[in-house]
Amino acid sequence: MPKEFIVAIELGSSKMTGIAGQKNMDGSITVLAVVEEDSTSCINKGVIYNIEKTGQCLTNIVTRLKTILQQDITKVYVGVGGQSIRSVKNKITKILPDNTIVSDEMVNELADANRNMNYPDQEIVMSTPLEWKLDTQFQTDPVGVQCKQLEGNFLNFLWRKKFFNSINTCFDNAGIPIAELFLASQALAESTLTESEKRAGCMLVDLGADTTTVSVYYKNFLRHLAVIPLGSNNITRDIASLQMEEKTAEAMKLKYGSAYTDNKEIDNTLNYPIDEERQVESRKFIEIVEARIEEIIENAWFQVPGEYADKLLGGIILTGGGSNMKNIDVAFRNHTHVDKVRVASFVTYNVTSKDAKINSHDGTMNTILGLLAKGDMNCAGEELSKTLFVGNEAKPAATTADLHRTPRNPNEIKDGVVLTAAEKAKAEEEARRKKEEEEEKIRQAEEEERKRIAKEKKENSFFNKAFRKIKQFGKEMISEDE
């Protein structure tokens, strides 16, 4: 009997990762397979720039997973991120008649109005309500409360339209249906942050290869998201400026790199070997590394909105490959003056795996494990042995649109889920239909009002008044004759 499993794919700047696993009754996860493909030739700073090569990488990942699992894969979960993603706040207000009790329909109306906001060249990939303001009071659940004014405070996550479309195109071209698109940073937060950290207020910093993602949480809500185009590869390139290949620079960074070194501990007579013939002074090497680390930290800290800078009682949580650098927590503590800093080297739930990359607990697999944990649909198909000799006709490539023939209600979608292109098109069509209906109602009302005014003008005209008087005079004369 075919086994059930969930498949997730992370589109990273340095590598594309595919994972298959099972959720157990006790909340733990068993990883069945992990594969990676080099993505440096098709993804830059988390954004797809070569659709053909990305599609080939996706095909390779799914094919390799199928071979390991010996089962077909019918759909996958995908994490979206990248440099162009950012968050913006938006308020939608509705004035209500006196003594109005807020209903689900009113809440959904404001949510729809927010999602229909137009941002030039930007796409709302996800939107989440932060809180609701009813007159002067803030509520997390406004339904059933009486008020005169309902205000929705939303956090919209924007991405360039062409980048969002590129993801759907790549998966459709590869014939890989998307079960759901997740905001990768939110999946990461759910798998690495504790409830107390999100409630008290914290800053999650994902130190990636080409980008650094900053997420700010307060009172259990994601309040701000920003992606900085700086990562650990920038440190490698700075070291490579000492006239060496990047491969050598990366090796030196991993071996000698430290985010902070006390000046008293620097040995001015010590040199680090570049190759058999050349060396670099330890102080010079340390200064190069620390300068770039300081730039990354300062840019990350700058992203924290002023209203939350003094509310991070949960501290700063570091994760991603860059969090493995020696003394990275000390460097963040020194530059931000936030005492509470921890490195999240692994997810908060139990994971069983035979894969060395998973068991290394170095923060590099946290996002893909977070995506896997958010999946809840079986992605497994038939056993390969049963499909090898079934017919010779090629099956048409499956698409995400095929999978989501009945789009989900945006108001019922769980946190962190991004609407697919098919669902966005359906939502836009529905919004257009509602707008046309409203415009038609307004037109009809205006037409009725125009007729009413015209009728009143006609009745109050000089000739109509004179005619009515003559008619009344005639009636009176007839009555007298009788």
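The values are calculated or read from the model by the stated rules, or taken from the named source; none is laboratory data. All figures in this text were calculated on a predicted structure; none of them were measured in a lab. FYI the Cβ positions are ideal-geometry reconstructions off the backbone, even for glycines, and counts take in every protein chain you see. Surface accessibility is based on the protein's heavy atoms, side chains included, excluding ligands, DNA and RNA. Shrake-Rupley method; radii C 1.70, N 1.55, O 1.52, S 1.80 Å.
Details
- Peptides 240-251, 182-193, 12-23, ordered by how many other C-beta atoms sit within 10 Å of their residues on average, highest first, read 182-193, 12-23, 240-251.
- Convex hull per residue volume in Å³, alpha carbons only, for the chain: 260
- Computed log₁₀ I(q)/I(0) - Debye formula, equal Cα scatterers, no solvent, the stretch 213-339, q 0.09, 0.15, 0.19 Å⁻¹: -0.30, -0.73, -1.04
- When the helices of the chain are scored as -39500 (n - 2.57) per DSSP H run of n ≥ 4 and the total is divided over every residue, the value at 222 nm lands at -12500 deg cm²/dmol.
- Summed side-chain charge close to Ala200 - residues other than Ala200 whose Cβ falls under 9 Å, Lys, Arg +1, Asp, Glu -1: +3
- Taking the centroid of alpha carbons for each part, the stretch 212-240 and the stretch 92-153 are 30 Å apart.
- Sorting the segments 71-80, 272-281 by their mean number of nearby beta carbons within 10 angstrom, highest to lowest, gives 71-80, 272-281.
- Per residue value of the accessible surface for the chain (all protein chains in place, 1.4 Å probe), Å²: 54
- Percent accessible area from carbon and sulfur atoms, the chain, protein chains only, probe 1.4 Å: 49
- Across the options Thr248, Ile453, Val107, the greatest Cα extent toward the positive end of the charge dipole of the chain (unit charges at beta carbon of Lys, Arg, Asp, Glu) belongs to Ile453.
- Placing +1 on the Cβ of every Lys and Arg and -1 on the Cβ of every Asp and Glu, with no other charges, gives the chain a dipole of roughly 760 debye about its Cα centre.
- Prolate/oblate/rounded call for the stretch 134-236, Cα gyration tensor, a/c under 1.5 rounded: oblate
- Whole-number percent relative contact order across the chain, with pairs defined as alpha carbons under 8 Å at least 6 apart: 19
- For Glu440 and Ile101, a Förster radius of 41 Å and the Cβ-Cβ distance give a FRET efficiency of 0.90, rounded to the nearest 0.05.
- Cross-link pairs beyond the 29 Å C-alpha cut-off, checked among Lys23/Lys66; Lys23/Lys133; Lys94/Lys426; Lys53/Lys91: Lys23/Lys133; Lys53/Lys91
- Hypothetical label at Leu384: residues of the stretch 21-57 whose amide nitrogen lies under 19 Å (7 Å Cα-Cβ projection): 21-22, 31-37, 56-57
- Extreme residue, positive dipole direction of the stretch 26-75, given options Thr67, Ile48, Val34 (C-beta unit charges): Ile48
- Electrostatic dipole magnitude of the stretch 126-221 [Cβ: Lys, Arg +1; Asp, Glu -1; Cα centre; debye, to 20]: 280
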